[in-house]
Amino acid sequence: MAEAHGAGGADVVVTGLAAIAGTGWDLAALGERTAAGDPAFTPVTRFDAGRYRTDLAAQLPGDPVLADELVAILDRACAQAGLGADERVVSPLLVAVHGDPAVARLPESDRTGPGAIADAIARRAGLGPAPRAYMTACVAASTAVADAATMISHGRAHRVVVAAGYLVEQDNFALFDAGRSLATDGHVRPFSAGRQGMLLGDGVAAVVLESAEEAARRGATPVARIAGWGRAGDAHHITQPDPEGGGMTRAVTAALRKAGRVPADIGYINAHGTGTAQSDAAEAAALHRALGTEAARIPVSSSKSVHGHTLQAGGLLELAVTVHALRTGRLPVNAGYAGPDESLGLNLVLGRPWEREVDHALTVNSAFGGANTALVVARV
Amino acid sequence: MTTTTDTALSVVDLSTVDGLTVLAEARFPGADPSRQPAPLPGFVSSSFAPLIAQAADDCLRQVHGEAPAPADRGDRTAVVVVSVRGDLGTATAVAAAIEAGKRMPPILFFQSVANSAAGRVAVTWGLRGPVVCTSPVGDPLADALAVADLLVVDEAADEVLVVLVEQGAEQATALLLGHRAPTTE
């Protein structure tokens, strides 16, 4: 099949990629531990989690500051892309964050919002304007990537930098505990029998996206291509996914169409896979609807089983995992597996990382509000 | 067609955005500053979601009458919530529960992200386009239009419901944006 070019415009390539998570302080650690299915969950040290149903999360050591880590990860991604100061300052930055818990403790008149975080980070990192922060919950980062890819493919920008971050803190930990969403058995078991829920995790990631032409002009080496992207809503429930996977089905279909690909071209799916009963079932339904009989063939794993749910950062961290898998030819293990859930009918990556040469992978995410995203990532 | 619930003309400047037109516009509280948003079942402690839902209802009723929207249009309508400071009321309630060492009310989990309010509108009106929530750095309306423009040029949606909301001022503005009709004259 002929290569498609985004929305008919420029090819969108990744020239810089950096990530940290509870797996360690670099992308190599994230890639290796997700490939091996080596979970990073340990008892929380940043606050007293003894009162909650679990005290586990996948955390970096100590109590890092989100803004500092975002600036540092942007430096690493920009350095990999070979961006000088003069190129950075004209590169728009899209940021996905929720907000700062400290700000919620200020008098209301003194409060700022997530956009202020994005603005400050852009200035500290020497990047171009940050027009906004995406606060679209668990699809915030993947939505920012879709917007960045749209900007590039339609010639609105030659290059866009995207950053996203979440660090485990007590406000969200208590909220997820109150919502009975956390796994009380200490394991995230996506698509598995006996799955009990999610665990939270740290995640900070940055990616430099640019047109293939701009990358070639600069002599930058692409590490992957964003071949397609799609997003759609469920309009089913405020917080629950559509059990028939309506929005995700349309997001995946749109992403494949944009990439000029068919389901048979997809060699790996990095699933949203939170490990909650309803969400995993809805996602499996969507994959079957969108991919037909191929859904039972394509290797699937959720790397949240290793790095946990990193909320607003999830889409970018999981894009990093997907790129790493394509480049190394080692598909990440779906950790925490305790036995089949025959109702789902997915080909989970189990045991050891599967050695496969994959040209195109899907990474999907969904969120409260019925929001869904899908990205098609191509090996270069 | 451009309609507003206000007597004033639309102040939306679309000069920087090609291909978009305002199909309907509603500003809350509008001409009656004492007006309160309708209570919204499932949401507590914050006016954020009620303001969004009220402005969205006022806007969409002008176009679709009563909810839901016709399926062919709803399937291709995105929901974009734009708020500089986000949901202050819910964030305050969450922080207060933590600081007081109290049990976190489960209902706060379900409204802890702006997506929930956006999703409420999407469910009510059957809007199945993308759901996006942003906190703009500069002019909120200009950035909202930029986000809507990206969704339309990306062919992710044909119409975009944008709701700008700020607590404190207790104001919300909803715009239904669509393709600009081609000029035939």
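The values are calculated or read from the model by the stated rules, or taken from the named source; none is laboratory data. Keep in mind the model is a prediction, meaning the values are calculated, not measured. Every residue, glycine among them, receives a Cβ derived from its backbone with ideal geometry; neighbour counts consider all protein chains shown.
When the helices (runs of 4 or more DSSP H) confined to the range B:76-139 are screened for residues that are surrounded by fewer than 24 Cβ atoms within 10 Å (Cβ to Cβ) and without any contact (Cβ under 8 Å) to a residue 12 or more places away in the chain, those reaching at least 3 such residues are found at B:88-99.
Scanning the range A:114-162 for residues that are at the interface with chain B (Cβ under 8 Å from one of its Cβ atoms), in contact with a strand residue (DSSP E or B) (Cβ under 8 Å, 6 or more places away or on another chain) and not in a helix (DSSP H, G or I) yields A:Pro129, A:Ala130, A:Pro131, A:Arg132, A:Ala133, A:Tyr134, A:Met135, A:Thr136. Among the residues of the range A:334-380, just one is loosely packed, with under 15 Cβ neighbours inside 10 Å and among the hydroxyl-bearing types (Ser, Thr, Tyr), namely A:Ser343.
A:Gln278 meets the stated requirement of being surrounded by fewer than 19 Cβ atoms within 10 Å (Cβ to Cβ) and either at pLDDT 95 or above or not assigned by TED's automatic domain parsing to the domain that holds A:Gly24 (or both). Condition (residue is in contact with a helix residue (DSSP H, G or I) (Cβ under 8 Å, 6 or more places away or on another chain), in contact (Cβ under 8 Å) with a residue 60 or more places away in the chain and either away from every other protein chain (no Cβ under 14 Å) or more than 24 Å from A:Pro114 (Cα to Cα) (or both)) applied to the range A:173-180: is it met by at least one residue? Checked the range A:173-180: at least one residue is in contact with a helix residue (DSSP H, G or I) (Cβ under 8 Å, 6 or more places away or on another chain), in contact (Cβ under 8 Å) with a residue 60 or more places away in the chain and either away from every other protein chain (no Cβ under 14 Å) or more than 24 Å from A:Pro114 (Cα to Cα) (or both).
Among the residues of the range B:117-146, the ones that are of a type outside the set (Gly, Ala, Ser) and more than 7 Å from chain A (Cβ to nearest Cβ) come to 7 in all. Among the residues of the range A:346-367, those that are under 22 Å from A:Ala285 (Cβ atoms) and outside any strand (DSSP E or B) comprise A:Leu346, A:Val349, A:Leu350.
Has the range B:148-164 got at least one residue that is in a helix (DSSP H, G or I) and within 13 Å of the chain's Cα centre (by Cα)?
yes
Yes or no, residue by residue, for (1) at pLDDT 95 or above; (2) over 22 Å from B:Val160 (Cα atoms); (3) basic (Lys, Arg):
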{"site": "A:Gly233", "(1), (2), (3)": "yes, no, no"}
{"site": "A:Val252", "(1), (2), (3)": "yes, no, no"}
{"site": "A:Arg257", "(1), (2), (3)": "yes, no, yes"}
{"site": "A:Ile266", "(1), (2), (3)": "yes, yes, no"}
{"site": "A:His272", "(1), (2), (3)": "yes, yes, no"}
{"site": "A:Arg289", "(1), (2), (3)": "yes, yes, yes"}
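Considering only the range B:78-103, state which residues are of a type in the set (Val, Ile, Thr) and under 19 Å from B:Gln54 (Cα atoms). Of everything in the range B:78-103, those that are of a type in the set (Val, Ile, Thr) and under 19 Å from B:Gln54 (Cα atoms) turn out to be B:Val79, B:Val80, B:Val81, B:Val82, B:Val84, B:Thr90. State whether one or more residues within the range A:45-52 are surrounded by fewer than 24 Cβ atoms within 10 Å (Cβ to Cβ), of a type in the set (Gly, Ala, Ser), within 14 Å of chain B (Cβ to nearest Cβ) and closer than 22 Å to A:Asp202 by Cβ. Checked the range A:45-52: at least one residue is surrounded by fewer than 24 Cβ atoms within 10 Å (Cβ to Cβ), of a type in the set (Gly, Ala, Ser), within 14 Å of chain B (Cβ to nearest Cβ) and closer than 22 Å to A:Asp202 by Cβ.
Against the numbered list (1) crowded, with 24+ Cβ neighbours inside 10 Å; (2) part of a helix (DSSP H, G or I), A:Leu83 comes up short only at (2).
Here's the yes/no breakdown for (1) farther than 16 Å from A:Gly31 by Cβ; (2) aliphatic (A, V, I, L, M):
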position: A:Ala325; (1), (2): no, yes
position: A:Thr328; (1), (2): no, no
position: A:Val333; (1), (2): no, yes
position: A:Tyr337; (1), (2): yes, no
position: A:Leu346; (1), (2): yes, yes
position: A:Asp359; (1), (2): yes, no
position: A:Thr363; (1), (2): no, no
position: A:Phe368; (1), (2): yes, no
position: A:Arg379; (1), (2): no, no
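Based on what the data block shows, is A:Thr184 touching a residue at least 60 places away in the same chain (Cβ under 8 Å), more than 21 Å from the chain's Cα centre (by Cα) and either closer than 22 Å to A:Ser211 by Cβ or surrounded by fewer than 23 Cβ atoms within 10 Å (Cβ to Cβ) (or both)? Answer is yes for this residue. Which number in (1) surrounded by 24 or more Cβ atoms within 10 Å (Cβ to Cβ); (2) within 14 Å of chain B (Cβ to nearest Cβ); (3) within 28 Å of B:Val79 (Cα to Cα) marks the one condition that A:Gly246 misses? All conditions are met except number (1).
Answer yes or no as to whether A:Val323 is out of contact with any helix residue (DSSP H, G or I) (no Cβ under 6 Å at 6 or more places or on another chain) and in a strand (DSSP E or B).
Criteria not met by A:Val323.
Looking only at residues in the range A:259-275 that are over 15 Å from the mean Cα position of the chain (by Cα) and of a type in the set (A, V, I, L, M), the one that is surrounded by the most Cβ atoms within 10 Å (Cβ to Cβ) is A:Ala259. Among the residues of the range A:304-313, none qualifies, meaning not one is outside any helix (DSSP H, G or I), outside the structural domain of A:Gln59 (by TED's automatic domain parsing), out of contact with any helix residue (DSSP H, G or I) (no Cβ under 8 Å at 6 or more places or on another chain) and closer than 13 Å to A:His360 by Cβ.
Scan A:Ala215, A:Ala224 and give me the residue that is closer than 21 Å to A:Ala141 by Cα, among the hydrophobic types (A, V, I, L, M, F, W, C) and either within 11 Å of chain B (Cβ to nearest Cβ) or surrounded by 20 or more Cβ atoms within 10 Å (Cβ to Cβ) (or both).
The match here is A:Ala224.
A quick yes/no check of all residues on (1) over 28 Å from A:Leu175 (Cβ atoms); (2) touching a residue at least 60 places away in the same chain (Cβ under 8 Å); (3) touching a strand residue (DSSP E or B) at 6+ places or on another chain (Cβ under 7 Å); (4) not assigned by TED's automatic domain parsing to the domain that holds A:Leu127:
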site: A:Gly50; (1), (2), (3), (4): no, no, no, no
site: A:Glu87; (1), (2), (3), (4): yes, yes, no, no
site: A:Val95; (1), (2), (3), (4): no, yes, yes, no
site: A:Thr112; (1), (2), (3), (4): no, no, no, no
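Scanning the range B:71-90 for any residue that is over 30 Å from A:Asp100 (Cβ atoms) and more than 11 Å from every other protein chain (Cβ to nearest Cβ) turns up at least one such residue.
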